[in-house]
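The values are calculated or read from the model by the stated rules, or taken from the named source; none is laboratory data. Keep in mind the model is a prediction, meaning the values are calculated, not measured. Here the Cβ positions follow ideal geometry from the backbone for every residue, glycine too, while neighbour counts run over all protein chains shown.
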Amino acid sequence: SPSSVTDIVFFLLPNISLPPNKAAMIYWQASPLKPSTMNATPMSPQVINPSPGFELLGALTNQKTSAVFSTGWATHENLLALASNGQGISITLGVSIEPIETLQNLQHILSEKERGGVGQTQDRKHVAQKIATDLFNYLQSFDDGSGGMS
C-alpha cells in the first residue's frame, strides 16, 4: 500500500552532475489499478484513470545531490480516496530537469514538504522522544542506588 511508504530517497550517482543552473524536480502521481482484461493472466494490473496531474515531491541540485523526501501519502486525501475503492494503487514517479529558477519559484512548497507537512515532523520528534525516554527508564531500572550498575 502506498500509504505505508513514508519516505523516499533520491540521489545523483557518484561523478554525475546536473547541467549548470538546472535542478532535478521529482514528481509523483497516483492511479488506481484493475485486473487486465487484455492479458492471459487475470490478475495482471493495468493502470486506469490516472489522477489529474503530477505533484511535486522534492528536488535535487548540484549543491544538494541527495535527499530523503517525506511522501505524506498516509494522510493525502486524494490518495486515500483512491485507496478506498479496494482495487489497488500504482504510484508513478517522474524526474524533470528544469531551470533552477523553477526550483526557486517553488521553494515555499518544498520548504513545507521538507518540514514534513501537516504535523509529520512533530510526530517524528515525539516518537524519538518516547524512544529516548523508554531507553533512559530501562537503563535506570538497573541502577541499585550504589553508584554502579547491578
Checklist outcome for this item: Only one of 33, 18, 12 is farther than 30 Å from residue 104 by Cα and either surrounded by 12 or more Cβ atoms within 10 Å (Cβ to Cβ) or at pLDDT 90 or above (or both), namely 33
Next on the checklist: Condition first: assigned to a loop (DSSP other than H, G, I, E, B) and either among the acidic types (Asp, Glu) or modelled with pLDDT of 60 or more (or both). Now tell me which residues in region 39-71 satisfy that.
Outcome noted: 52, 53, 54, 61, 62, 63, 64, 65, 71
Checklist entry - Does residue 85 count as part of a loop (DSSP other than H, G, I, E, B), modelled with pLDDT of 70 or more and surrounded by 14 or more Cβ atoms within 10 Å (Cβ to Cβ)? => result no
Checklist outcome for this item: All conditions in (1) modelled with pLDDT of 80 or more; (2) surrounded by 11 or more Cβ atoms within 10 Å (Cβ to Cβ); (3) under 21 Å from the mean Cα position of the chain (by Cα) are true of residue 143 except (3)
